[in-house]
Amino acid sequence: MRTKFIAGNWKLNPVDGQQARDLCRQLKARLAPFSKTMIAVCPPFVGLGMVNEAFRDTNIAVGAQNLYWEETGAFTGEISAPMIKSAGCTYVIIGHSERRQYFGETNETVRLRTQAALKADLLPIVCVGETLNERESGVLKEVVSEQIREGLRGFSEAEISKVVVAYEPVWAIGTGKTASPAQAQEMHQYIRELLAEVFSQSIADKMLILYGGSVKPENATDLLSQADIDGALVGGASLKADSFAGIVSSAEELI
Ligand code: PGA
(Lines give C-alpha, C1' and ligand atoms only; values in the text may rest on other atoms or scores of the structure.)
Protein backbone atom coordinates (compact mmCIF):
# COMPACT_ATOMS: atom_id res chain seq x y z
CA MET A 1 0.00 0.00 0.00
CA ARG A 2 1.16 3.54 -0.75
CA THR A 3 1.68 5.78 2.26
CA LYS A 4 -0.03 9.14 2.79
CA PHE A 5 1.73 12.47 2.28
CA ILE A 6 0.44 15.83 3.53
CA ALA A 7 2.31 18.93 2.31
CA GLY A 8 1.57 22.50 3.38
CA ASN A 9 2.06 25.29 0.86
CA TRP A 10 2.40 28.55 2.78
CA LYS A 11 2.43 30.60 -0.45
CA LEU A 12 3.22 34.29 0.27
CA ASN A 13 2.61 33.95 4.03
CA PRO A 14 3.31 34.93 6.74
CA VAL A 15 4.90 38.33 6.15
CA ASP A 16 6.40 38.54 9.62
CA GLY A 17 9.33 36.32 10.72
CA GLN A 18 8.02 36.06 14.26
CA GLN A 19 4.69 34.74 12.99
CA ALA A 20 6.55 32.12 10.97
CA ARG A 21 8.55 31.08 14.04
CA ASP A 22 5.35 30.84 16.11
CA LEU A 23 3.68 28.72 13.44
CA CYS A 24 6.69 26.37 13.39
CA ARG A 25 6.62 26.02 17.17
CA GLN A 26 2.89 25.22 17.13
CA LEU A 27 3.24 22.79 14.22
CA LYS A 28 6.09 20.98 15.92
CA ALA A 29 3.96 20.45 19.02
CA ARG A 30 0.74 19.51 17.19
CA LEU A 31 2.38 17.17 14.68
CA ALA A 32 4.60 15.32 17.16
CA PRO A 33 2.14 12.43 17.71
CA PHE A 34 1.96 11.51 14.02
CA SER A 35 4.68 9.14 12.90
CA LYS A 36 3.19 7.27 9.90
CA THR A 37 2.19 10.13 7.59
CA MET A 38 4.85 11.82 5.47
CA ILE A 39 4.67 15.54 6.27
CA ALA A 40 6.22 18.55 4.57
CA VAL A 41 5.95 22.30 4.96
CA CYS A 42 6.82 24.69 2.12
CA PRO A 43 7.51 28.27 3.29
CA PRO A 44 8.66 31.20 1.14
CA PHE A 45 12.37 31.15 0.20
CA VAL A 46 13.45 33.56 2.97
CA GLY A 47 12.02 31.20 5.59
CA LEU A 48 13.75 28.02 4.37
CA GLY A 49 16.77 28.27 6.69
CA MET A 50 14.73 29.11 9.77
CA VAL A 51 12.03 26.48 9.10
CA ASN A 52 14.61 23.76 8.41
CA GLU A 53 16.27 24.63 11.70
CA ALA A 54 12.93 24.62 13.55
CA PHE A 55 12.03 21.14 12.28
CA ARG A 56 15.45 19.59 12.71
CA ASP A 57 15.11 16.22 14.49
CA THR A 58 11.41 15.95 13.64
CA ASN A 59 9.69 13.98 10.89
CA ILE A 60 8.54 17.23 9.24
CA ALA A 61 10.38 17.77 5.97
CA VAL A 62 10.75 21.16 4.30
CA GLY A 63 10.23 22.16 0.69
CA ALA A 64 10.55 25.28 -1.46
CA GLN A 65 7.69 26.62 -3.61
CA ASN A 66 9.66 27.08 -6.82
CA LEU A 67 13.18 27.03 -8.26
CA TYR A 68 15.09 28.26 -11.27
CA TRP A 69 16.65 25.61 -13.52
CA GLU A 70 20.11 27.14 -13.88
CA GLU A 71 22.43 26.24 -11.01
CA THR A 72 24.35 29.49 -10.73
CA GLY A 73 25.25 32.62 -12.70
CA ALA A 74 23.84 35.97 -13.75
CA PHE A 75 20.13 35.40 -13.07
CA THR A 76 19.24 38.19 -10.66
CA GLY A 77 16.46 37.33 -8.25
CA GLU A 78 16.40 33.60 -8.92
CA ILE A 79 17.00 30.65 -6.55
CA SER A 80 18.51 27.39 -7.81
CA ALA A 81 17.99 23.75 -6.89
CA PRO A 82 21.43 23.31 -5.25
CA MET A 83 20.73 26.42 -3.09
CA ILE A 84 17.44 24.92 -1.94
CA LYS A 85 19.14 21.61 -1.27
CA SER A 86 21.90 23.26 0.73
CA ALA A 87 19.28 25.12 2.83
CA GLY A 88 18.26 21.64 4.03
CA CYS A 89 15.16 21.04 1.88
CA THR A 90 13.84 17.69 0.69
CA TYR A 91 11.06 18.86 -1.66
CA VAL A 92 10.22 21.57 -4.14
CA ILE A 93 6.79 22.47 -5.55
CA ILE A 94 6.89 22.92 -9.33
CA GLY A 95 4.31 24.34 -11.74
CA HIS A 96 1.74 25.46 -9.19
CA SER A 97 -1.26 26.94 -10.99
CA GLU A 98 -0.52 30.36 -9.49
CA ARG A 99 2.90 30.23 -11.15
CA ARG A 100 1.32 29.15 -14.42
CA GLN A 101 -1.35 31.87 -14.16
CA TYR A 102 0.66 34.86 -12.88
CA PHE A 103 4.27 34.10 -13.78
CA GLY A 104 4.10 32.53 -17.22
CA GLU A 105 5.05 29.00 -16.20
CA THR A 106 4.55 26.52 -19.05
CA ASN A 107 4.75 22.74 -19.38
CA GLU A 108 8.25 23.23 -20.83
CA THR A 109 9.48 25.30 -17.85
CA VAL A 110 7.90 22.71 -15.55
CA ARG A 111 10.01 20.07 -17.30
CA LEU A 112 13.20 22.14 -16.96
CA ARG A 113 12.54 22.82 -13.29
CA THR A 114 11.73 19.16 -12.58
CA GLN A 115 14.97 18.12 -14.28
CA ALA A 116 16.97 20.62 -12.20
CA ALA A 117 15.29 19.46 -8.98
CA LEU A 118 16.09 15.81 -9.67
CA LYS A 119 19.68 16.62 -10.54
CA ALA A 120 20.08 18.34 -7.15
CA ASP A 121 18.48 15.39 -5.37
CA LEU A 122 15.31 17.30 -4.47
CA LEU A 123 11.94 15.54 -4.72
CA PRO A 124 9.65 17.54 -7.04
CA ILE A 125 5.94 18.00 -6.30
CA VAL A 126 4.65 18.69 -9.81
CA CYS A 127 1.25 20.41 -9.95
CA VAL A 128 -1.34 19.88 -12.66
CA GLY A 129 -5.01 20.80 -12.93
CA GLU A 130 -7.67 22.35 -15.13
CA THR A 131 -9.40 25.74 -14.92
CA LEU A 132 -13.17 26.03 -14.48
CA ASN A 133 -13.53 26.98 -18.12
CA GLU A 134 -11.59 23.88 -19.19
CA ARG A 135 -13.72 21.65 -16.97
CA GLU A 136 -16.97 23.16 -18.21
CA SER A 137 -15.94 22.81 -21.83
CA GLY A 138 -15.11 19.15 -21.27
CA VAL A 139 -11.36 19.30 -22.04
CA LEU A 140 -10.16 18.69 -18.48
CA LYS A 141 -8.54 15.34 -19.23
CA GLU A 142 -6.82 16.66 -22.35
CA VAL A 143 -5.38 19.56 -20.35
CA VAL A 144 -4.07 17.36 -17.53
CA SER A 145 -2.78 14.78 -20.01
CA GLU A 146 -0.76 17.45 -21.81
CA GLN A 147 0.58 18.85 -18.52
CA ILE A 148 1.81 15.38 -17.54
CA ARG A 149 3.09 14.28 -20.96
CA GLU A 150 4.94 17.54 -21.62
CA GLY A 151 5.96 18.46 -18.09
CA LEU A 152 7.37 15.01 -17.34
CA ARG A 153 8.67 14.21 -20.83
CA GLY A 154 11.87 12.27 -21.14
CA PHE A 155 12.46 11.21 -17.55
CA SER A 156 13.75 7.74 -16.79
CA GLU A 157 11.86 5.34 -14.55
CA ALA A 158 14.40 5.95 -11.76
CA GLU A 159 13.82 9.71 -12.07
CA ILE A 160 10.04 9.61 -12.33
CA SER A 161 9.74 7.39 -9.27
CA LYS A 162 10.99 10.39 -7.22
CA VAL A 163 8.28 12.71 -8.53
CA VAL A 164 5.10 13.42 -6.59
CA VAL A 165 2.15 14.64 -8.69
CA ALA A 166 -0.37 17.08 -7.21
CA TYR A 167 -3.76 17.34 -8.92
CA GLU A 168 -5.15 20.77 -8.10
CA PRO A 169 -8.22 21.87 -10.03
CA VAL A 170 -7.67 25.62 -10.37
CA TRP A 171 -11.34 26.39 -9.59
CA ALA A 172 -10.95 24.71 -6.18
CA ILE A 173 -7.84 26.58 -5.03
CA GLY A 174 -8.48 29.12 -2.30
CA THR A 175 -12.16 29.29 -3.26
CA GLY A 176 -13.66 27.06 -0.59
CA LYS A 177 -15.01 24.89 -3.44
CA THR A 178 -13.60 21.39 -3.26
CA ALA A 179 -13.84 18.77 -5.96
CA SER A 180 -16.17 16.05 -4.69
CA PRO A 181 -14.33 12.91 -3.60
CA ALA A 182 -15.73 11.19 -6.71
CA GLN A 183 -14.58 13.97 -9.07
CA ALA A 184 -11.12 13.96 -7.49
CA GLN A 185 -10.84 10.16 -7.56
CA GLU A 186 -11.86 10.06 -11.22
CA MET A 187 -9.04 12.42 -12.14
CA HIS A 188 -6.49 10.74 -9.87
CA GLN A 189 -7.31 7.37 -11.44
CA TYR A 190 -6.96 8.93 -14.89
CA ILE A 191 -3.55 10.41 -13.94
CA ARG A 192 -2.36 7.04 -12.64
CA GLU A 193 -3.46 5.34 -15.89
CA LEU A 194 -1.61 8.00 -17.84
CA LEU A 195 1.56 7.50 -15.78
CA ALA A 196 1.28 3.75 -16.42
CA GLU A 197 0.98 4.40 -20.15
CA VAL A 198 3.85 6.91 -20.33
CA PHE A 199 6.19 5.14 -17.86
CA SER A 200 5.13 1.75 -16.50
CA GLN A 201 2.39 0.17 -14.43
CA SER A 202 4.75 -0.62 -11.56
CA ILE A 203 6.00 2.98 -11.42
CA ALA A 204 2.44 4.34 -11.60
CA ASP A 205 1.35 2.02 -8.79
CA LYS A 206 4.06 3.42 -6.52
CA MET A 207 3.79 7.13 -7.35
CA LEU A 208 2.08 9.46 -4.89
CA ILE A 209 -0.71 11.62 -6.31
CA LEU A 210 -1.85 14.40 -3.98
CA TYR A 211 -5.11 16.32 -4.20
CA GLY A 212 -5.10 20.08 -3.64
CA GLY A 213 -7.84 22.70 -3.52
CA SER A 214 -9.55 23.84 -0.32
CA VAL A 215 -8.59 20.75 1.67
CA LYS A 216 -9.51 21.20 5.33
CA PRO A 217 -10.04 18.91 8.34
CA GLU A 218 -13.77 18.68 7.53
CA ASN A 219 -13.30 17.19 4.05
CA ALA A 220 -9.92 15.46 4.45
CA THR A 221 -11.12 11.99 5.38
CA ASP A 222 -13.57 11.77 2.47
CA LEU A 223 -10.90 12.82 -0.01
CA LEU A 224 -7.99 10.87 1.45
CA SER A 225 -9.96 7.63 1.62
CA GLN A 226 -10.30 7.50 -2.18
CA ALA A 227 -8.24 4.71 -3.73
CA ASP A 228 -5.94 6.92 -5.82
CA ILE A 229 -5.65 9.93 -3.49
CA ASP A 230 -2.39 9.53 -1.61
CA GLY A 231 -2.37 12.80 0.26
CA ALA A 232 -3.00 16.51 0.03
CA LEU A 233 -1.27 19.74 -0.93
CA VAL A 234 -2.79 22.19 1.50
CA GLY A 235 -2.76 25.97 1.11
CA GLY A 236 -4.91 28.07 3.46
CA ALA A 237 -5.43 25.35 6.06
CA SER A 238 -1.67 24.81 6.39
CA LEU A 239 -1.26 28.25 7.98
CA LYS A 240 -2.99 27.20 11.20
CA ALA A 241 -1.38 24.43 13.25
CA ASP A 242 -4.75 23.05 14.36
CA SER A 243 -6.24 22.71 10.89
CA PHE A 244 -3.03 21.31 9.36
CA ALA A 245 -2.73 18.81 12.22
CA GLY A 246 -6.40 17.90 11.73
CA ILE A 247 -5.68 16.97 8.11
CA VAL A 248 -2.57 14.97 9.09
CA SER A 249 -4.63 13.20 11.73
CA SER A 250 -7.18 12.15 9.05
CA ALA A 251 -4.34 10.76 6.94
CA GLU A 252 -2.82 8.96 9.89
CA GLU A 253 -6.09 7.15 10.61
CA LEU A 254 -6.23 5.84 7.06
CA ILE A 255 -2.76 4.27 7.08
P1 PGA B 1 -5.89 25.98 -0.86
O2 PGA B 1 -4.57 25.95 -1.79
O3 PGA B 1 -5.79 24.78 0.07
O4 PGA B 1 -5.81 27.28 -0.13
O5 PGA B 1 -7.06 25.88 -1.77
C6 PGA B 1 -4.05 24.73 -2.27
C7 PGA B 1 -2.84 25.01 -3.13
O8 PGA B 1 -2.87 26.00 -3.88
O9 PGA B 1 -1.84 24.27 -3.09
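The values are calculated or read from the model by the stated rules, or taken from the named source; none is laboratory data. The structure presented is a predicted model; accordingly, all values stated were derived computationally and were not measured. Here Cβ is always computed from backbone atoms with ideal geometry, including for glycine, and neighbour counts include all displayed protein chains. We work out accessible area using only protein heavy atoms, side chains counted, and drop any ligands, DNA or RNA first. Shrake-Rupley method; radii C 1.70, N 1.55, O 1.52, S 1.80 Å.
Looking only at residues of the stretch 182-194 that are in contact with an Asp or Glu (Cβ under 9 Å, 6 or more places away or on another chain) and open to solvent by less than 40 Å² (accessible area, probe 1.4 Å), we find that the one that is nearest to Glu134 (Cα to Cα) is Met187.
Within the bounds of the stretch 147-166, is there any residue that is open to solvent by 30 Å² or more (accessible area, probe 1.4 Å) and aliphatic (A, V, I, L, M)? Yes, the stretch 147-166 contains a residue that is open to solvent by 30 Å² or more (accessible area, probe 1.4 Å) and aliphatic (A, V, I, L, M).
The rows are residues; the columns are (1) within 16 Å of the ligand (Cβ to nearest atom); (2) assigned to a loop (DSSP other than H, G, I, E, B); (3) under 28 Å from Ala81 (Cβ atoms).
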site: Ala116; (1), (2), (3): no, no, yes
site: Val126; (1), (2), (3): yes, no, yes
site: Lys141; (1), (2), (3): no, no, no
site: Gly154; (1), (2), (3): no, yes, yes
site: Thr175; (1), (2), (3): yes, yes, no
site: Ala182; (1), (2), (3): no, no, no
site: Tyr190; (1), (2), (3): no, no, no
site: Asp205; (1), (2), (3): no, no, yes
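Take the conditions touching a Leu at 6+ places or on another chain (Cβ under 7 Å) and either open to solvent by 60 Å² or more (accessible area, probe 1.4 Å) or closer than 30 Å to Gly17 by Cβ (or both) and apply them to Glu218. Does it pass?
Working: touching a Leu at 6+ places or on another chain (Cβ under 7 Å): no; either open to solvent by 60 Å² or more (accessible area, probe 1.4 Å) or closer than 30 Å to Gly17 by Cβ (or both): yes.
Against the criterion (touching a Leu at 6+ places or on another chain (Cβ under 7 Å) and either open to solvent by 60 Å² or more (accessible area, probe 1.4 Å) or closer than 30 Å to Gly17 by Cβ (or both)), Glu218 does not qualify.
Considering the stretch 5-105, the qualifying helices (runs of 4 or more DSSP H), each wholly inside and each with 3 or more residues that are within 16 Å of the ligand (Cβ to nearest atom) and closer than 24 Å to Leu223 by Cβ, run over 97-102.
Among residues of the stretch 10-28 being open to solvent by 70 Å² or more (accessible area, probe 1.4 Å) and within 14 Å of Ser243 (Cα to Cα), the one that is nearest to the chain's Cα centre (by Cα) is Lys28. The set of residues in the stretch 230-255 that are under 20 Å from Cys42 (Cα atoms) and hydrophobic (A, V, I, L, M, F, W, C) comprises Ala232, Leu233, Val234, Ala237, Leu239, Ala241, Phe244, Ala245, Ile247, Val248, Ala251.
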